[in-house]
Amino acid sequence: MPPLEKTQHPKPFKLRKSLATRKQEVAGIRTKFPTKIPVIIERYQKEKYLPPLDKTKFLVPQELTMSQFVTIIRNRMTLMPSQAFYLLINNSGIASMSLTMAQLYKDHKDEDGFLYMTYASQEMFGHCICYISTVMPYLNVSQI
């Protein structure tokens, strides 16, 4: 599959809004939807193959597993079964597919209250990512 045309990447969510604004937004979300996890998903800046998502913010049920969430995101991108993609937590590691969103949120939420994820194709790390995504429950990419 040929690479997508190079498009202008918008600023990351954290650079578009101040910390105070983001904290206020999360407080409002958590008050209104206490059983939902506020998630920000952004495309890896140098990604060439995966399409951009139609939105960045997601409110996710806390009991949803990472595996179920990956399926939802995969369907939103309308990927072919042969296309791989990976969700990195806080731009640094891959979570176990059996973890719930509540567990991920508890361990990895940002100081502003959002859980940040970045999606990328395997081209980001080459062949190593296939191994770590199936064997390690959570591995910091800097350890590779």
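The table below lists the values:
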| read-out | value |
| --- | --- |
| Subset of Lys55/Lys106; Lys14/Lys55; Lys32/Lys57; Lys23/Lys57; Lys17/Lys106 violating a 18 Å alpha-carbon distance limit | Lys55/Lys106; Lys17/Lys106 |
| Difference of contour (0.36 nm per residue) and Cα-Cα distance, Lys48 to Ala84 | 11.7 nm |
| Nonlocal amide H pairs with Glu42, under 5 Å, H built at 1.01 Å | Met117, Thr118, Tyr119 |
| Whole-Hz couplings from phi, Karplus 6.51/-1.76/1.60, listed for segment 44-59; x for Gly and Pro | 4, 3, 9, 5, 10, 10, 8, x, x, 6, 6, 8, 9, 8, 9, 10 |
| Sequence-distant residues sharing a close amide H with Val60 (under 5 Å, placed H) | Ile37, Val39 |
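No lab work stands behind these numbers, since they all come straight from the coordinates. Computed from a prediction, not measured in an experiment: that's the story for all the values here.
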